[in-house]
C-alpha cells in the first residue's frame, strides 16, 4: 500500500503525544477528576469548603445531569422536580456529582443546587406525628415518594413539612439525612 505525503503527515500528527493539559483523562470519563486535574491552577479551582458527602436540594425544575463535570459532557438525565433532595458525592471546580434517592448519579453545575434541606419518604406508608414520639397523635400519612422540607432533627426524630403539613418523622423513614447528622431547627 502506498501513502502520499499528506497521509504520512496525518499519521505523524496522530502518533504525536497530546500535551497533558488537553488530553482527556480516563478519570474524567468515569466522572472522577485525577490528581493532576484536581489543582491544575490553584486560582482556577473553586472549593466550597463544605463536607462531602452532604445533602442539598435541586434549585430548578429542570436540571441537566451530565456524565462528567462540564458542559462538554453529554446530558444523561434531566431532573424535573425543584426541591428534590440529592446528595453531593464529589466536587470539581464549579461542578458537583450528585446522587438521588434511587441511586441515579451524575454531574450538575453548582448553580442548580440549593443548601435548603429536603427529604423523600421511603419504605412503606409513614405516619407524620405531632411531636417527636412514637405515641404522639398522627398529623398525616405519607406514601413512599412524597417529597418535603427538612426543618431540623432531634435525636432519632426530624421536623418536616410535607405539602403544607408540619410534623415529625423518624430519620429512618425518609431519605435526605445521615443517621447521626445534626440538623438545626
**Q.** Residue under evaluation residue 143, criteria (1) out of contact with any strand residue (DSSP E or B) (no Cβ under 8 Å at 6 or more places or on another chain); (2) more than 16 Å from residue 64 (Cα to Cα); (3) surrounded by fewer than 14 Cβ atoms within 10 Å (Cβ to Cβ), criterion not met
**A.** (1)
Q) What pairs come up if the first residue lies in the range 163-185 and is in contact (Cβ under 8 Å) with a residue 60 or more places away in the chain, the second is in a helix (DSSP H, G or I), and their beta carbons are under 8 Å apart, counting only those six or more places apart or on different chains? A) 177/171
Q: Consider residue 51 carefully, then state whether it is surrounded by fewer than 11 Cβ atoms within 10 Å (Cβ to Cβ), at pLDDT 50 or above and within 17 Å of residue 176 (Cα to Cα).
A: yes
Q. Given the range 69-185, what strands (runs of 3 or more DSSP E) lie entirely inside it while holding 2 or more residues that are over 17 Å from residue 53 (Cβ atoms) and under 13 Å from the mean Cα position of the chain (by Cα)?
A. 75-79
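Table: residues versus (1) surrounded by fewer than 19 Cβ atoms within 10 Å (Cβ to Cβ); (2) closer than 24 Å to residue 89 by Cβ.
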| residue | (1), (2) |
| --- | --- |
| 150 | no, yes |
| 157 | no, no |
| 165 | yes, no |
| 170 | yes, no |
Q.
Going by what's in this entry, would residue 135 be described as in the same structural domain as residue 61 (by TED's automatic domain parsing) and out of contact with any helix residue (DSSP H, G or I) (no Cβ under 6 Å at 6 or more places or on another chain)?
A. no
Q) Looking at the range 79-88, is at least one residue crowded, with 19+ Cβ neighbours inside 10 Å and in contact with a helix residue (DSSP H, G or I) (Cβ under 7 Å, 6 or more places away or on another chain)? A) no
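The values are calculated or read from the model by the stated rules, or taken from the named source; none is laboratory data. On a predicted model such as this, the values are computed, not experimentally measured, just so you know. Virtual Cβ from ideal backbone geometry, glycine too; neighbours counted across all protein chains shown.
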